[in-house]
Amino acid sequence: FLGGSITVADGDANKQNLNRYATRVTEWFQEQYPEKTVTQVNAGIGGTGSRLGKYRVMTDIGAYAPDVVFVEYAVNGGTEQNMEGIIRKIWAQDNSTDIILVHTATAANIPNYSNGRVPAYERGYENVAEHYGVPSVSFAYQIAEYYDAGQITLKGNAEAGKIHFSSDGTHPTMDGSILYA
């Protein structure tokens with residue numbers, strides 16, 4: 001897993017691993033393939049974007065020869081060029097590595113998805129995904145559905161009967177992490 005603070009999820013030390021969508025995805029893989037050993041490498045660094053991620057690929061990801069890499073830089077920003085650089089560097093080491101681009105969301109962006117307005121960075125990432133034939137998953141659409149139905153608190157304190165997505169509007173709570181996974 002390569003990304004920013006949402007990938008590393010290093011907020012509450014007591015809940016750290018549980019709040020990581022990466023941990024939940026890794027657990028899913030282990031459940032699906034119990035005969036295999038699934039190891040997670042979490043190369044998330046808070047506050048960093050895809051530009052730094054491009055330079056970290058070989059040392060923080062490539063050294064582990066991964067079978068699959070999830071790349072998340074939607075919240076901290078990035079460019080098509082940097083995302084393309086990340087893909088090319090991963091494949092330069094092993095062109096059989098699967099890559100999945102994941103798009104996290106902020107409370108501020110969710111109403112845009114409800115109105116059919118996709119942020120420019122996500123359109124750019126989609127261009128790169130299409131060009132290289134890699135899957136891309138946006139977490140925002142499902143969250144927008146809950147928002148439209150009045151079933152989610154996007155930012156702030158938990159509300160009874162609602163999914164509590166985020167306290168600060170960016171970093172997922174336990175509920176938000178479950179949605180992402």
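The values are calculated or read from the model by the stated rules, or taken from the named source; none is laboratory data. No experiment lies behind these values; they were computed from the predicted model shown. Every residue, glycine as well, gets a Cβ built from its backbone with ideal geometry; the counts of neighbours run over all protein chains shown. With ligands, DNA and RNA removed, areas are computed over all heavy atoms of the protein, side chains included. Shrake-Rupley method; radii C 1.70, N 1.55, O 1.52, S 1.80 Å.
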If you check every pair at least six apart or on different chains, which have Cβ atoms under 9 Å apart with a residue in the stretch 122-143 that is hydroxyl-bearing (S, T, Y) first and a residue that is part of a loop (DSSP other than H, G, I, E, B) and surrounded by fewer than 19 Cβ atoms within 10 Å (Cβ to Cβ) second?
S138/V118
Quick check on my filter: what residues within the stretch 117-153 are open to solvent by 60 Å² or more (accessible area, probe 1.4 Å) and on the phi > 0 side of the Ramachandran plot?
G133
From the list A105, A43, which residue is modelled with pLDDT under 90 and open to solvent by less than 60 Å² (accessible area, probe 1.4 Å)?
A105
Considering only the stretch 104-148, state which residues are in contact with a Ser or Thr (Cβ under 7 Å, 6 or more places away or on another chain) and among the hydroxyl-bearing types (S, T, Y).
T106, Y125, Y147
Filtered residues of the stretch 151-181 (kept if small (G, A, S) and assigned to a loop (DSSP other than H, G, I, E, B))
G156, A158, A160, G161, S167, G169, A181
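Test V102 against the criterion of being outside any helix (DSSP H, G or I) and β-branched (V, I, T), and give yes or no.
When the stated conditions are applied, V102 passes them.
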Return yes or no: is T26 at pLDDT 90 or above and within 30 Å of A144 (Cβ to Cβ)?
yes
Mind checking which pairs have a first residue in the stretch 99-112 that is more than 14 Å from S5 (Cα to Cα) and a second that is open to solvent by 30 Å² or more (accessible area, probe 1.4 Å), Cβ under 7 Å, 6 or more apart or different chains?
I100/V68; I100/P135; I100/V137; L101/S136; A107/K155; I110/Y147
Matching residues in the stretch 46-74 - criterion: being open to solvent by 50 Å² or more (accessible area, probe 1.4 Å), over 18 Å from V137 (Cβ atoms) and not in a helix (DSSP H, G or I):
G47, A65
Some residue of the stretch 91-98 being within 17 Å of the chain's Cα centre (by Cα) and surrounded by 14 or more Cβ atoms within 10 Å (Cβ to Cβ):
no
